[in-house]
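Nothing in this text is a laboratory measurement; each read-out follows from the coordinates by a stated rule. Given the structure is predicted, the values throughout are model-derived calculations rather than measurements. Please note: Cβ atoms are built from the backbone with ideal geometry, for glycine as well, and neighbour counts cover all protein chains shown.
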């Protein structure tokens, strides 16, 4: 699955909109302070609560544009709402996400965060 994630991140980086998202110093410091393991747990929590249910009342508006590194990564990786998940990742709407789909989403988010942390050290 790692090659699939790398390819998808390359494709996403070609989108002017998706490529406009980057971690700022505040988010970088948060990641350094909390650690990637904690950020990974937060990603799972956010995805399970905001993206995984079959019915999402505020779909398309459930992911803030700032406030947590995972939120920024979700917009950069098109894992912010079910429409983007369908368009970019071909994950069907109107169904509860499987654990494998949740794992994939969290993995692509975390890979994007790791790349961002490597590209611009604080």
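With neighbours defined as other Cβ atoms within 10 Å of a residue's Cβ, the residues 6, 102, 72 order from fewest to most as 6, 102, 72. The alpha carbon gyration tensor of the chain gives principal lengths a ≥ b ≥ c with a/c of 1.5 or higher and a/b greater than b/c, which makes the shape prolate.
Take the Cβ atoms of residue 22 and residue 92, set R0 to 30 Å, and the FRET efficiency comes out at 0.50. As a proxy for reagent exposure, ranking 77, 63 by other Cβ atoms within 10 Å from fewest up yields 63, 77. Angle between the Cα long axis of helix 36-50 and the longest principal axis of the chain, 0 to 90 degrees, nearest 10? Helix 36-50 sits at roughly 30 degrees to that axis. Footprinting exposure proxy ranking of 103, 59, fewest other C-beta atoms within 10 angstrom first, gives 103, 59. For the chain, with a Gaussian network of springs between Cα atoms less than 10 Å apart, report the residue from 74, 32, 48 with the top mean-square fluctuation. Result: 32 has the largest fluctuation of those listed. Under the criterion of Cα pairs below 8 Å and six or more residues apart, the relative contact order for the chain equals 33 percent.
How far is helix 2-13 tilted off the main Cα axis of the chain, in degrees rounded to 10, range 0 to 90? Tilt relative to the chain: about 80 degrees. Between helix 25-34 and the chain there is an angle of about 80 degrees, using the helix long axis and the longest principal axis of the Cα atoms.
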